[in-house]
1. Can you tell me which residue within segment 60-73, out of those that are of a type outside the set (G, A, S) and within 24 Å of L41 (Cβ to Cβ), is modelled with the lowest pLDDT?
2. Give the number of residues within segment 16-57 that are among the β-branched types (V, I, T) and touching a Leu at 6+ places or on another chain (Cβ under 8 Å).
3. Read through the list (1) at pLDDT 95 or above; (2) part of a strand (DSSP E or B), then give the number of the only condition that G56 fails.
4. Got a number for residues in segment 74-115 being farther than 14 Å from V127 by Cα, at pLDDT 90 or above, outside any helix (DSSP H, G or I) and hydrophobic (A, V, I, L, M, F, W, C)?
5. In segment 35-59, which residues are closer than 13 Å to I7 by Cβ, touching a helix residue (DSSP H, G or I) at 6+ places or on another chain (Cβ under 8 Å) and without any contact (Cβ under 8 Å) to a residue 60 or more places away in the chain?
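The values are calculated or read from the model by the stated rules, or taken from the named source; none is laboratory data. If you're wondering where the values come from, they're calculated on a predicted model, not measured in any experiment. So basically every Cβ, Gly included, is an ideal-geometry build from the backbone, and we count neighbours across all protein chains shown.
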Amino acid sequence: MGRILAIDFGEKRTGIAVTDELQMIASGLTTVATPELLSFLKKYTSEENVDLIVVGQPKRLNNEFSDVETVILTYIDKIKAELPEITIERIDERFTSKIAFQSMIDSGVKKKQRRNKALLDEVSATVILQSYLYNK
């Protein structure tokens with residue numbers, strides 16, 4: 001059984017989270033500059049067994065897709081072309097940033113660290129992955 005990797009896509013930075021090999025525990029992995037995302041994924045999947053990539057699907061409250069969705073779809077096409085053996089699924093990511101920020105507060109992360117947007121993106125990816133595991 002391979003890992004599940006989750007992506008919280010952003011136009012500048014992308015948060016990444018991953019499960020253990022039993023696909024039970026979601027943990028933040030890293031944040032990468034979005035232009036480096038594809039090379040990161042190729043390197044990571046060459047070193048680790050990844051069964052599935054879950055990509056957050058940004059929607060507005062009225063259920064319409066946000067503007068970044070077209071950019072995400074382009075990246076998904078690139079990932080599929082480079083890593084055709086890995087399945088890609090989408091999951092609604094509404095409120096993940098707010099949930100991630102609140103979880104950072106609840107876990108005692110200092111105010112200065114909470115300003116770190118890269119950390120917020122990584123925690124958001126973890127929230128996306130936890131949501132996927134819970135609903136799977």
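1. Kept after step one, since they are of a type outside the set (G, A, S), are these residues of segment 60-73: 60-65, 67-73.
Next cut, within 24 Å of L41 (Cβ to Cβ) only: 65, 67-73.
On the way: F65: 74, D67: 80, V68: 84, E69: 90, T70: 91, V71: 91, I72: 92, L73: 94.
Step by step, filter segment 60-73, then rank; the result is F65.
2. 8
3. Condition not satisfied by G56: (1).
4. Adding up the residues that qualify gives 3.
5. Selection gives L37, L38, L41, V50, I53, V55, Q57, P58.
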